[in-house]
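Bear in mind these aren't lab numbers, they're just calculated from the coordinates by the rules spelled out. These numbers were taken from a predicted model, which means no experiment stands behind them. FYI the Cβ positions are ideal-geometry reconstructions off the backbone, even for glycines, and counts take in every protein chain you see.
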Amino acid sequence: MPPVRDLPIGVFDSGVGGLTVVRALMERLPLESILYFGDTARVPYGIKSVSTIEHFTAQITDYLLGRGVKMLIIACNTMAAVASGVVKARAGGLPVLDVIEAGARAAVAESHSGAIGVIGTPTTVNSNAYARRMHALDPAVRVYSQACPLFVPLVEEGWLDHPVTRLTAQEYLRPVLAEKVDSLVLGCTHYPLLKPLLQDVAGSDIHLVDSAITTAEQAAQRLAELDLARRGDTLPDYRYVVTDIPLRFQTIGERFLGRSLGAVEKVEW
Ligand code: DGL
């Protein structure tokens, strides 16, 4: 077993969307190795029940722990919303970060008016996880949430700047913008890819909170606090494990990652 510092960070998501978090981690922590798990055979999670998501999340957590990681990052907002307790219970003291904690902290810190919008999958929005977390940090904030179920398929289709996506965004954002929010949390792995379009629809005075970037920042802080940051000058190791390799996997994955994907391994459970 290599020294703990040299172990990879385990990052997982329901599919390829969590690669937005991997991309932010690569930029913020260029020395860290990453082991990514995407449950591409069972995506989407955002419309599934809590008990199913808990079951899948437990399987993924056990798999990553078995491979050896020094930190776990729940890159999927839906898993973070309803199953972070499952991960923490199994992690046995290993640091566990998630996109909701990071996004909620950033939104509360950055909002001036205290009126914050959250967009995410139906399961994330119904769980009220973002609002609960933000209220725990500041009981005075007002949180307005909106489920945007069509965004995930539109992003996977590559329609990042398409009239259909624009119309859909106008429709989804209307009720949230009517509440005069000054910040909008992108509460789903796929939404950072829609940032330019969403900024356009929301208006330039609305601050978009990208939880991928804030999660990478939090990971850097925790590794430093725990003295777990990797040292030396050897290149980090990036590995991608998925439960299925669908036809367009490579192109979609590279869009999320913003660079070539390299070797992808299909899981043997
Ligand atoms: N990864 C999910 C999320 O961040 C989006 C895709 C899905 O529904 O599984 O909520």
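Listed values, structure above:
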| item | result |
| --- | --- |
| Cα-Cα P(r), region 1-49, percent of pairs per 5 Å interval | 5, 19, 24, 20, 14, 10, 6, 2 |
| Proxy reagent accessibility, fewest Cβ within 10 Å first, across Ile213, Ile73 | Ile213, Ile73 |
| Convex hull of region 1-114 built on C-alpha atoms - directionally averaged projected area, nm² | 8.1 |
| J(HN,Hα) series, region 240-253, from Karplus relation 6.51 cos²θ - 1.76 cosθ + 1.60, nearest Hz, glycine and proline x | 10, 10, 10, 8, 7, 10, x, 3, 9, 4, 4, 5, 5, x |
| Cross-link reach list, lysines versus Lys48, counting only Cα pairs under 28 Å and skipping chain neighbours closer than eight places | Lys88, Lys195, Lys266 |
| Cα principal axis extents for region 161-222, largest first, Å | 39, 25, 17 |
| In degrees, nearest ten, helix 50-67 long axis to first principal axis of the chain (Cα) | 30 |
| Residue-averaged 222 nm ellipticity for the chain, from DSSP H runs of 4+ at -39500 (n - 2.57), nearest 500 | -14000 deg cm²/dmol |
| With Cα atoms, 0 to 90° folded angle of helix 163-177 axis to the chain main axis | 70 |
| Tilt relative to the chain, helix 99-110 - C-alpha long axis, 0 to 90 degrees, to 10 | 50 |
| Cleavage-rule hits, trypsin sites (Lys or Arg not before Pro), region 133-233, DSSP coil, Cβ neighbours within 10 Å at most 13 | Lys180, Arg231 |
| Amide H contacts under 5 Å for Ser33, placed H, 5+ residues apart | Ile9, Asp237 |
| Computed E for Val267/Ala220 - FRET, C-beta separation, R0 41 angstrom, nearest 0.05 | 0.90 |
| ³J(HN,Hα), Karplus 6.51/-1.76/1.60, whole Hz, each residue of region 191-200, x for Gly, Pro | 6, x, 6, 9, 3, x, 5, 5, 5, 5 |
| Alpha-carbon Rg/Rh ratio, for region 119-269, with Rh computed the Kirkwood way | 1.01 |
| Gyration tensor verdict on region 229-269 (Cα atoms; rounded if a/c is under 1.5, prolate if a/b is larger than b/c, oblate otherwise) | oblate |
| Taking the C-alpha atoms of region 27-179, convex hull volume expressed per residue in Å³ | 142 |
| Amide H partners (placed H, <5 Å) of Leu97, local residues excluded | Leu72, Ile73, Ile74 |
| Dipole-positive endmost among Pro149, Asn128, Thr165 within the chain (Cβ charges, Cα centre) | Asn128 |
| Ratio of Rg to Rh over the chain (Cα coordinates, Kirkwood Rh, two decimals) | 0.95 |
